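**Q** Input: one structure, supplied below.
The values are calculated or read from the model by the stated rules, or taken from the named source; none is laboratory data. Just so we're clear, the structure is a prediction, and the values are computed from it rather than from any experiment. No Cβ is skipped: glycine too gets one built from the backbone with ideal geometry, and neighbour counts run over all protein chains shown. Ligands, DNA and RNA are excluded from the accessible area calculation, which covers all protein heavy atoms including side chains. Shrake-Rupley method; radii C 1.70, N 1.55, O 1.52, S 1.80 Å.
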Amino acid sequence: MKNKEYVNNQIKKCLKEGKENEIKVGELLIHHCGGTYNVSSFIDDIKKHIDIWWNSPKRGLIGIDVKGLRKNNRQDTYADDSIQWIEIKNTQGRDGWIFGEMDYVAFMTNTEVLFIKPLNIQKLILKNIVGKELVYINKDLPFYQPYQRKDRKDIIIKIPTEDLRKITHFKISNNE
């Protein structure tokens, strides 16, 4: 029972943190670029991987999937903005969020938010995973190594934030 409570509390914490990040990115977009934003519906979030809809003054309605800071390993105390995790397959073995219908993925760092087109991320990953086997151990996992967690159907990849900076479409300061 104790373990179940811990897991439930961790899920609640992650969901709360995710919503806070979505609101922060929406507010930063308005502050730096103008327009308005709305948090997406539950269906758009789950099916399309769109967290917020930004009504850009120049381009109209834009769907954005917000990715907050992540830890390198679950046991780490703090998040590491030098790495990002990309979900190729989800825990059910279906296409991961990288294949969603969003216009941009917004990766948060300590100092900025990077807005990247998903197709550019897909191309970057494809170029860097050729010839690499799927592994099941996360210890000292190198970049671009396809990884599957024990008893799951997901496939995730750790990539350096610096590589994402090279394919960023636009960025905004994370500080107002």
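**Q** Restricting to the stretch 124-148, name every residue that is in contact (Cβ under 8 Å) with a residue 12 or more places away in the chain and assigned to a helix (DSSP H, G or I).
**A** Within the stretch 124-148, L124, I125, N128, I129 meet the criteria.
**Q** Next up: Identify all residues within the stretch 72-118 that are surrounded by fewer than 17 Cβ atoms within 10 Å (Cβ to Cβ) and in a strand (DSSP E or B); write none if there are none.
**A** Answer for the stretch 72-118, where residues must be surrounded by fewer than 17 Cβ atoms within 10 Å (Cβ to Cβ) and in a strand (DSSP E or B): W85, D95.
**Q** Please name all residue pairs, on different chains or six or more residues apart, with Cβ atoms under 9 Å, provided the first residue is in the stretch 78-94 and is touching a residue at least 24 places away in the same chain (Cβ under 8 Å) and over 20 Å from P146 (Cβ atoms) and the second residue is part of a loop (DSSP other than H, G, I, E, B) and open to solvent by 60 Å² or more (accessible area, probe 1.4 Å).
**A** Close Cβ pairs satisfying both conditions: D81/R70; D81/N110; D81/T111.
**Q** Moving to a separate point now. Hey, can you tell me all the residues within the stretch 44-71 that are surrounded by 15 or more Cβ atoms within 10 Å (Cβ to Cβ) and either part of a helix (DSSP H, G or I) or among the polar types (S, T, N, Q) (or both)?
**A** Of the residues in the stretch 44-71, the ones surrounded by 15 or more Cβ atoms within 10 Å (Cβ to Cβ) are 44-45, 48-56, 62-70.
Once the filter is applied, which keeps residues that are surrounded by 15 or more Cβ atoms within 10 Å (Cβ to Cβ) and either part of a helix (DSSP H, G or I) or among the polar types (S, T, N, Q) (or both), the stretch 44-71 yields D44, D45, K48, N55, S56.
**Q** Just for the stretch 54-93: of the residues that are among the small types (G, A, S) and over 14 Å from the mean Cα position of the chain (by Cα), which one is farthest from L28 (Cα to Cα)?
**A** G93
**Q** If you take the residues in the stretch 164-176 that are assigned to a helix (DSSP H, G or I) and surrounded by fewer than 16 Cβ atoms within 10 Å (Cβ to Cβ), which one is nearest to the chain's Cα centre (by Cα)?
**A** R165
**Q** Give the number of residues within the stretch 11-43 that are charged (D, E, K, R), within 22 Å of F99 (Cα to Cα) and open to solvent by 60 Å² or more (accessible area, probe 1.4 Å).
**A** The number of residues fulfilling the criteria is 1.
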